[in-house]
Amino acid sequence: MTLIRPIEDVTHRLNALIAAGAHPARTTDRATKLLERLNAPVRIALLGLPCAEKARVLHALAGMPETTAAANAVPLEMRYGASEHAEITLSDGTTLSHDGRFHAEDHPDAVFVSQQLPLDNLKSIILTDVAADANAEEQRAAIQWAMPRTDIALWVSPTFSDIEMQIWAAAPDDLKDHAYLVLTGHPDGPDPTALSQHVTRVKALLDYEFLDVIGIGHDLGAQTATLADVGLAALSARIEKHAETGRRADAASALMFLNSLERVRSRPVKVPQKCPPPDYDAPAELIDRNTQAITNLRDRGAALLRLIQVGDEPDPLAVLTHCGESLAGLATLLDKYDDDATDSLSALANTLSEAEDLVVLLGLEDGTGPKIDAVTLMLQVRREREARLAA
């Protein structure tokens with residue numbers, strides 16, 4: 001097994017699988033969907049009561065120069081395009097294509113707008129201002145509409161009033177698990193210190209209703225400061241971190257899929273026998289196979305020790321790769337035998353399959369923890385073999 005760390009390598013393997021055209025249609029379709037998910041921009045929905053601040057946050061995240069913004073009257077999606085172009089859906093269901101930017105006064109019967117803009121920020125994200133009337137029923141309907149179109153939700157509000165709190169309390173938990181509250185003001189005015197204190201109070205009050213509460217503007221003390229200052233930087237960092245977590249989870253699913261295909265392809269096909277195989281000395285054969293497995297693991301363990309003794313700090317990726325290759329080598333050793341003879345060897349094959357998957361998942365994590373976990377995994381496999389040999 002070769003350990004794949006960068007997510008880009010996962011997409012390369014999926015592309016190669018699809019291009020080869022050697023798999024059943026169902027397998028290719030699954031690979032295509034996984035690839036589309038990994039390459040898709042992160043969908044960010046801006047929720048909340050109508051307010052100019054929501055439009056300002058939308059423009060700031062898109063990387064547009066800050067201008068005086070009014071609340072959007074219809075749901076507005078912003079995505080990347082080589083030139084400015086708008087797809088405008090009207091109340092009768094028809095769609096108009098318009099080169100340039102959408103202007104509400106030109107299309108008063110618009111109910112949804114998808115606006116393409118040549119902005120670098122939009123190459124990795126899709127922003128949607130989920131505009132709706134201020135009444136609770138319309139807001140709840142807007143949340144339900146946004147659910148299947150959202151990876152990360154931002155509830156944008158000057159202060160987060162009691163009415164907003166009631167609306168959000170009824171939101172689905174699946175949305176709350178990926179939502180941030182963005183506060184842009186304070187009940188007593190634009191004092192930066194007061195907003196910072198308000199953010200702290202709201203955090204304590206809401207507990208787990210949001211992933212975090214972020215104040216946009218509590219660092220805006222200077223007259224020349226804009227939304228692109230510290231508050232927006234904090235919001236952008238949270239969005240990027242949450243999106244990366246999602247991408248790692250998607251990459252883990254893709255790796256499990258790819259590795260399962262490799263195991264199926266590499267294992268020999270066994271022809272069913274019409275009569276039972278001849279008798280053999282199962283205990284002696286089992287001891288021989290276990291002994292070889294343990295010897296293999298000990299040799300790989302000694303090599304791992306030499307690896308981590310090189311330099312001041314061993315490379316976590318190198319350690320993970322070594323552990324993954326060790327487990328794969330053990331699986332190859334078992335494949336040399338007709339291993340349908342004993343339940344013990346079948347159990348070992350299942351253990352190795354699970355261990356290989358775990359090492360792959362550890363490769364998607366950061367830090368030294370995964371390195372230690374991978375070494376522990378190898379020791380567990382070795383101890384299991386020694387215990388069976390002693391039994």
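FYI, it's all coordinate maths here, none of it is from the lab. For clarity, every value in this text was computed on a predicted model and none was experimentally measured. Using ideal geometry, Cβ is built from the backbone for each residue, glycine included, and neighbour counts are taken over all protein chains shown.
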**Item:** Protection-proxy order for peptides 99-109, 54-64, 27-37, each taking the mean of Cβ atoms within 10 Å per residue, highest first
**Value:** 54-64, 27-37, 99-109
**Request:** Pull up all non-local amide H partners of residue 86: gap of 5 or more, or a different chain, and H-to-H distance under 5 Å with H placed in the peptide plane.
**Result:** 98, 99, 100, 116
**Request:** Within the set of other residues whose C-beta is less than 14 Å from the C-beta of residue 118, count the net charge using Lys and Arg as +1 and Asp and Glu as -1.
**Result:** 0
**Prompt:** How do 134-144, 152-162 rank on mean C-beta neighbours within 10 Å, highest first?
**Reply:** 152-162, 134-144
**Message:** Along the Cα→Cβ direction, 7 angstrom out, place labels at residue 299 and residue 205. What is the inter-label distance in nm?
**Reply:** 6.8
**segment 39-57 residues near the modelled residue 145 label - backbone nitrogen below 15 Å, point 7 Å along Cα→Cβ** = 45-51
**Prompt:** Given 199, 112, 185, which one lies farthest toward the positive end of the charge dipole of segment 41-228, if we put +1 on the Cβ of every Lys and Arg and -1 on the Cβ of every Asp and Glu?
**Reply:** 199
**Item:** Table column - 3J(HN,Hα) (Hz), segment 200-210, Karplus curve with 6.51, -1.76, 1.60, x for Gly and Pro
**Value:** 4, 5, 5, 4, 5, 6, 7, 6, 9, 6, 9
**Complete:** For 51, 323, ascending order of other Cβ atoms within 10 Å (fewest first) is 51, 323
**Length released on extending from residue 260 to residue 82, taking residue separation times 0.36 nm less the Cα-Cα span** = 60.2 nm
